[in-house]
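A short write-up of the structure that comes next.
The values are calculated or read from the model by the stated rules, or taken from the named source; none is laboratory data. All of these numbers come straight from a predicted model, not from anything done at the bench. Methodologically, a virtual Cβ is constructed for each residue, glycine included, from the backbone with ideal geometry; neighbour enumeration extends over all protein chains shown. For the accessible areas, the whole protein counts, side chains as well, though only heavy atoms, and no ligand, DNA or RNA atoms are used. Shrake-Rupley method; radii C 1.70, N 1.55, O 1.52, S 1.80 Å.
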Amino acid sequence: MRSWSIPAGKLFGIEIRIHLTFLFLLVFVWTTESSTQDPTAALRGLALVGVIFGSVVLHELGHALVARGAGIPAKGIILLPIGGVTILDESQSIPDASKTWQRDVRIAAAGPFVNLFIAGVSAAAIAAVIPNFAFLAKPLVHSGNLLRSLVWSNVYLGLFNLLPAYPMDGGRVLRALFTRQMDPIQATQRAVRIGHAFAILFMMVGMLMSNWWLVMIGFFVFIGAQLEERSAVFQSVLQSVRLEEVMLTDFLTLSPADTLEDALDKAVHTLQDDFPVVRGSDMVGVISKQKILDVLRVSGNGYVQAAMNRIFEVASKQESLASAFRKLSARNLSIIPVVDEQHLVGIITLQNLMHSMALLAESRKLRRES
Ligand SMILES: [Zn+2]
């Protein structure tokens, strides 16, 4: 997602990015409108895109600021042609859904609320300045009348997002309400089923009415619901699995007194990419196969002691996978030694974490289905 978007500045310290497909929309509007005879039509078309664009940005800022108020920082906002996505950094929060449902409802409702608020305030302001303004004249949203478009596009954005079609905002509210009675995964699955039903409805109605916009939204809701369900399963695995269940217990250690050539000889016989360096029973560092090769190539043979990384994190075997994952990603590490009462009892590497998580997610799915 990130790689297909370009930065467009910051608002309230939150990074705003524009997805490349949004630029295609701009080009599309420009070319279709400028093909008409009226030269100002193209400009007005772009202005309308600007109005909708601004409304979507404010919608997403609503989510992001309420989330930040609740202690979940927003990593950024990505603008897509069908709306925006706010990426929240939930790695720091400890999801205990029974306590967080009210917070989740507030975060989800904040976006549509912003749009309905803008619609109300701008309608009141327009009515005050322009008496007898034709609010109900059709078409409601059109580049020919930007003020009326401002009001109605926000009404649409607000109401449409409140439909209970997960992962749209209304669906998120619904999911949060479900978590009062069931565990988060079940709540997500129920919301996903409703989301899928809506997605299919959108696509069918869209095709019947030749409204391709609605077909596209239905398609994205369908895919989005699927992805959310997968990440919910993933999250729960992260939270509930202890490191002792997945750590590698059969692993190779190196000694700081080993030469790099010795280390490489040993490393050849294992699939392991990262090694704890141990003196006696003390962990003194970590080193990767790649690092051994790099140092050998650049400065020739030497001792592991000089080449190893002395800065590392250890974890206890009772810690959750989520916690190990945070440690790995926060410091860009590729290995975490697992200790029990000062003794090295296992290692967790990025490579083995990926494997074991895929396995665990699969085995849980099997258990739930049976
Ligand atoms: Zn929203």
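Points to keep in mind about this one:
- Accessible surface of K317, taken over heavy atoms with a 1.4 Å probe and every protein chain present, rounds to 50 Å².
- Rounded accessible area per residue of the stretch 43-84, 1.4 Å, Å²: 36
- Angle in degrees between helix 289-299 and the longest Cα principal axis of the chain, rounded to the nearest 10: 70
- Over the chain: helical MRE at 222 nm, DSSP H runs n ≥ 4 each giving -39500 (n - 2.57), nearest 500: -19500 deg cm²/dmol
- Highest-MSF residue in the chain out of R175, R331, R230 [GNM, Cα springs under 10 Å]: R331
- Karplus 3J(HN,Hα) series, Hz, for the stretch 143-153 with 6.51 cos²θ - 1.76 cosθ + 1.60 (x for Gly, Pro): 5, x, 9, 6, 5, 5, 5, 4, 5, 6, 5
- Nearest-ten-degree value, helix 184-208 long axis tilted from longest Cα axis of the chain: 40
- Using all pairs of distinct alpha-carbon atoms, the Kirkwood hydrodynamic radius of the chain works out to 24.3 angstrom.
- Once backbone amide H atoms are built at 1.01 Å from N, A165 has G170, G171 as its partners under 5 Å, excluding neighbours fewer than 5 places away on the same chain.
- 5 angstrom amide H check on G346, placed H, neighbours 5+ away: V338
- The chain: Lys pairs at Cα distance under 25 angstrom, eight or more positions apart or on different chains: 10
- Alpha-carbon centroid distance for the pair the stretch 242-315 / the stretch 60-77, whole angstrom: 41
- Of the listed residues R68, R326, R103, the order by accessible area with a 1.4 Å probe, largest first, is R68, R326, R103.
- DSSP beta bridges in the chain [antiparallel fraction, %, rounded to 5]: 80
- Protein-only accessible surface at a 1.4 angstrom probe places the residues Y166, Y156 in the order Y156, Y166, largest first.
- Residues W4, W101, W213, ordered by accessible area of protein heavy atoms at a 1.4 angstrom probe radius and largest first, appear as W4, W213, W101.
- In Å², nearest 10: area of V205 left accessible to a 1.4 Å probe: 50
- Packing, as the average of other Cβ atoms within 10 Å across residues, places the peptides 53-65, 109-121 in the order 53-65, 109-121, highest first.
- Once divided by 2.2 N^0.38 Å, the Cα radius of gyration of the stretch 222-295 becomes 1.61.
- Among the protein heavy atoms, those of D38 account for about 70 Å² of accessible surface (1.4 Å probe, every chain in place).
- Whole-number D in µm² s⁻¹ for the stretch 288-370, Kirkwood Cα-pair radius fed into Stokes-Einstein, 37 °C, 0.692 mPa s: 220
- Farthest positive-ward along the chain dipole, Cα basis, beta-carbon charges - from A315, F133, V233: F133
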